[in-house]
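Single-structure report; data block below.
The values are calculated or read from the model by the stated rules, or taken from the named source; none is laboratory data. Just so we're clear, the structure is a prediction, and the values are computed from it rather than from any experiment. Cβ sites come from the backbone with ideal geometry, for glycine too, and all protein chains shown count toward neighbours. Heavy atoms of the whole protein, side chains included, go into the accessibility calculation; ligands, DNA and RNA do not. Shrake-Rupley method; radii C 1.70, N 1.55, O 1.52, S 1.80 Å.
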Amino acid sequence: MRETVLEVRNLQVEFPGDGNTVRALDGISFGLHRGETLGIVGESGSGKSVTALAVMGLLQTPGIVTGGEIWFRPQENANAIDLVKLLPEQMQLHRGGDIAMIFQEPMSSLNPVYNIGFQLTEAIMRHQNVSAAQARQIAIAGLQEVKLLPSDEEIQQQHIDWHQTNNNSSKPEPSKLAQLVKQHKEAMLERYPHELSGGQLQRVMIAMAISCNPLILIADEPTTALDVTVQATILELLRELQQTRDMAMIFITHDLGLISEIADQVAVMYKGKVVESGTSRQIFSSPQHPYTKGLIACRPTLNRRPQKLLTVSDYMSAEETPTGQVVIQAKEPAPPTEVTTEEIAARLANFNQLEPLLQIRNLKVGFPVRGVFGGTKRYNMAVNGVSFDVKSGETLGLVGESGCGKTTLGRTLLRLIEPMSGQIIFEKQDITSLKGEPLQKLRREMQIVFQNPFSSLDPRMRVGDAVMEPLLIHAVGKTKQQRRQRVAELLERVGLSADAINRYPHQFSGGQRQRICIARSLALNPKFIICDESVSALDVSVQAQVLNLLKELQSDFQLTYIFISHDLSVVKFMSDRILVMNRGQIVEEGTAESIYQEPKEEYTQKLIAAIPTGSAERVRSRHLKAL
């Protein structure tokens, strides 16, 4: 057994409020060994991030550690120290140096007014006794280690290739080449956060975290906002860094599929407690706690097509006693009914006989790139010659990485973005040039559910008013009482109480807010709804509930969906047909089954390969490779 570098014993954290104290951590315990990865998994509110912040000494007021110990061993064979008892000045000696953290959202973790070179060197100089020039060299080495910058040899070769291609001559002089390499590396340090993609920003955060060679690296949801392909790259990078540096790592996520890809040990958290722990293989091969079973079951998989996803509530019920104790009752759900190949074939055959509800013909959308004197120099084509049909009652999946044009295409179909050319034909009417009152009438038939339920609702507007707003705009309902009755029916239909009418968005969870957004989109009885990454910000268990709800609503109201996502497993569960989009174009299309079983394009194959499965077989395979 490797040396224990961190041991958490019976840790308790509370957040006092107005006459009500919330216990975020209720006596959790775990250990972490050198070179080992501990995965901490659970839904939002389970206490995962609070655990990380407590270890880092970053709990925000009024959060306080009310009990327990956090023993950290800063050097091999040295005496362990209790981080809970350290003064803030003493904790600063370890935070960022011995124990580093990668936060969930890189864009909000980096200062937008400073370039990445300044922010990297600031962290290095804070914990290492080096000059500014030496700190820049360490920063460059870190960026190369996380593969945001090529190695010196690769940079040299790039310049040699470019020089020979453009000048048709021999390679540049060594002194000139060295100068070009230096300029290339310095240029990266001078870039600002807004000039980098989400995956690149996360690499900057990782470079900053490892710059002082920490003993422990805490990664708090480091891939939540990233595409599956970028996510797979970041996971591989973290594995490489851990092995080369012999770091211990705590990897925090709500997705057991990700945990299966990277963790050696797993701790499952629920309402501030560790309800199950063990090796990754044990957890996935034979989970014991009903909550763990529910988390594993609720994620869609590519090799099965259930009619309905199981959720955590299918495996357990939880009730809180007057004393604040949570009593869990285990359930044994029946296996979900699989959709047969005959049912899939019959449904597709039925669609083939129907007239298209929506027809897209050679649609192009571009964003102008301004020249030196303010004129339009060229267009960045976000959607470039796209054509497809959508049948009434069908779900068409649209999948691809960030920047491929999915969201732009979806918003253009609703005329929220104006197309450059092409046709959008809805119910045999070309709506491309509609304006004024005809366009407003069209909006009753076409709605959208946006990605982020937190920013989709006005925080100052009551939920009832938010759902009622479309009814007022389109003059639906003769009286206020009729409209309120309609709002109450909609909220109940999406699984919320009518009492929610008078509450504000901040009083609901993320999943409940997304249900409110769905209720609002249904207010005018539309025929066509675009779901734009509408479950990507949700926990896997809440995601399963929302996906089941969308399918149920489609059956009840004969809705037609375009379902946009970067996660092919979610799209496959929801869709009849799938379009794969890359760089503004449709690169592959087919039925959901054919896209998965026989992907023709290398790009599609890459998307499928990057999906974390969370299966026992995958975990077993990873452990065998390690041996």
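Before moving on, here are some points about what is shown:
- Taken over the Cα atoms of the chain, the convex hull encloses 204 Å³ per residue.
- Taking all protein chains as shown and a probe of 1.4 angstrom, Lys364 keeps an accessible surface of around 70 Å².
- Both numbers refer to the Cα atoms of region 37-82; Rg and Dmax are 12.9, 37 Å.
- Surface listing: Thr61, Thr21 arranged by accessible area from highest to lowest gives Thr61, Thr21, probe 1.4 Å.
- Model label points for Lys331 and Leu439, set 7 angstrom from Cα along the Cα-to-Cβ axis, are 4.7 nm apart.
- Largest-first ordering by accessible area, 1.4 Å probe, given options Glu276, Glu190, Glu319: Glu319, Glu190, Glu276
- With protein chains left intact and a 1.4 Å probe, residues in region 196-245 average 27 Å² of accessible area per residue.
- Solvent-accessible area of Ser46 with every protein chain in place, 1.4 Å probe, in Å² to the nearest 10: 10
- Computed over region 44-141, the ratio Rg/Rh where both radii use C-alpha atoms and Rh is Kirkwood: 1.01
- Each Lys or Arg adds one and each Asp or Glu takes one away; over the other residues whose Cβ falls under 12 Å from the Cβ of Gln507, this sums to +2.
- Solvent-accessible surface (1.4 Å probe) assigned to Glu598 amounts to roughly 130 Å².
- Taking all pairs of distinct alpha-carbon atoms in region 496-576, Kirkwood radius in angstrom: 13.4
- Taking only protein heavy atoms and a 1.4 Å probe, the accessible area of the chain is 48% carbon and sulfur.
- Cut-off under 5 Å, modelled amide H: who pairs with Ile530 long-range: Gln447, Ile448, Val449, Ile562
- Per residue accessible area in Å² of region 9-50, where ligands, DNA and RNA are left out and the probe is 1.4 Å: 40
- Selection from Pro333, Val390, Leu256, by position along the positive dipole direction of the chain (Cβ): Val390
- Note on Thr279 and Ile417: their simple-model spin labels are 4.9 nm apart, each label 7 Å out from Cα toward Cβ.
- Dipole of the chain, positive end: most advanced residue of Val65, Gln605, Leu547 [Cβ charges, Cα centre]: Leu547
- Point-to-point label distance, Gln243-Val587, nm (Cα→Cβ direction, 7 Å offset): 2.7
- Entry comment: accessible area of region 55-195 is 59 Å² per residue, from protein heavy atoms only and a probe of 1.4 Å.
- Computed from the Kirkwood radius of its Cα pairs, the Stokes-Einstein diffusion coefficient for region 227-357 at 20 °C and 1.002 mPa s stands at 119 µm²/s.
- Sequence of Met107, Met208 when ordered by accessible area, the most exposed leading, probe 1.4 angstrom: Met107, Met208
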